[in-house]
1. What residues have an amide H closer than 5 Å to that of GLY37, excluding those fewer than 5 places away on the same chain, when H is modeled at 1.01 Å from N in the peptide plane?
2. Quick one, what does Rg over Rh come out to for region 123-236 if you take C-alpha atoms and the Kirkwood Rh?
3. Scale the Cα Rg of region 165-208 by the rule-of-thumb value 2.2 N^0.38 Å and send over the ratio, two decimals.
4. Go through region 155-170 residue by residue and turn each phi into a ³J(HN,Hα) via Karplus (6.51, -1.76, 1.60, θ = phi - 60°); whole Hz please, and just put x for glycine and proline.
5. At 20 °C and 1.002 mPa s, what whole-number value in µm²/s does Stokes-Einstein give for the translational diffusion of region 125-176, with Rh from the Kirkwood sum over Cα pairs?
6. Using bins 5 angstrom wide from zero, how does P(r) for region 182-235 break down, in % of all Cα pairs?
7. Loop-only trypsin sites (Lys or Arg not before Pro) in region 188-236, please: DSSP not H, G, I, E or B, and at most 10 other Cβ atoms within 10 Å.
8. In whole angstrom, how far apart do the alpha carbon centroids of region 105-166 and region 170-191 sit?
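Taken together, the values in this text are just the output of simple stated rules run on the coordinates, not laboratory data. Only a predicted model underlies this, so the values are computations on that prediction, with no experimental measurement involved. Virtual Cβ from ideal backbone geometry, glycine too; neighbours counted across all protein chains shown.
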Amino acid sequence: MNLFDHFFKNWNKREEVISEDPLENSNDLWADSVTTGWEYTCNLSLTTPRICIEKDGFITKDTSVKPELIGEPNNLGKDGDPSGNFGYWIRRHGHEEEFEELANISQNMIYARPSDIGRIPPKSKLEDDFKSFLVDFRTIVESNISIEKKLFMINDELSIKSEAYKDIYKKLVLEKRFPDSFFRNILCELNGVTKNTALILWESGYLTKEQVLNAPYSELIEIKGLGKSLISKIKN
């Protein structure tokens, strides 16, 4: 395999099905002799924690052990390398910069990364802009302010922070009904709540899991589409 083919494979590595085997029974405590380091790549998604996005592109030269995942429990992909729900580690072999220049990856969609706004070429201005947007978005999401304040900050402040943010926000609104859909999906973490039920709750004014769980039965039973059995399941 030549240099180009080798790095083409690495740049197109995507999240694998996570192994359920205990790490104690794996070979995660050593790396092969040609590995010169590891590079962390996060998933460019609205659900990815801020710490993962901020660590995107982080490189460690410690090859004595496989690195642990960031912001989530450690897991291994099918190839035996660390791979999780929010990101993964890729082995480095010492010629990455040479390959990036040769392949002009920031201008080539062949090497583009999947994201919530479509595929994005690595090392590009769009990648930088979207990562910055995600960091600011996750800062709001992970804060302790009210859901109403979060929605205001996203819709009225984040959306106009820069021209790049305006374009990203518009794309997310058109394609994902952002940001309401993001917070509605969190309601699906409640027992028995489907996307349809989450929409019913959202449109009835229940915007968080806590608001639903703290709502009295007498209120919830008045909502069309919620029955006694579903309310009981949600509450339990």
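1. Correct list: ARG92.
2. On the way: Rg = 16.5 Å, Rh = 15.5 Å.
Using Cα coordinates only, the ratio equals 1.06.
3. On the way: Rg = 11.7 Å, N = 44, 2.2 N^0.38 = 9.3 Å.
With N residues counted in region 165-208, Rg over 2.2 N^0.38 Å equals 1.26.
4. So the J values, rounded to whole Hz, are 6, 10, 10, 4, 5, 10, 4, 7, 4, 5, 5, 4, 5, 5, 4, 4.
5. Numbers: Rh = 11.2 Å.
Reported coefficient: 191 µm²/s.
6. Bins of 5 Å from zero give 4, 23, 39, 27, 5, 0 percent of pairs.
7. Working: sites: LYS195, LYS209, LYS224, LYS228, LYS233, LYS235; in loops: LYS224.
Qualifying residues, ordered by number: LYS224.
8. 15 Å
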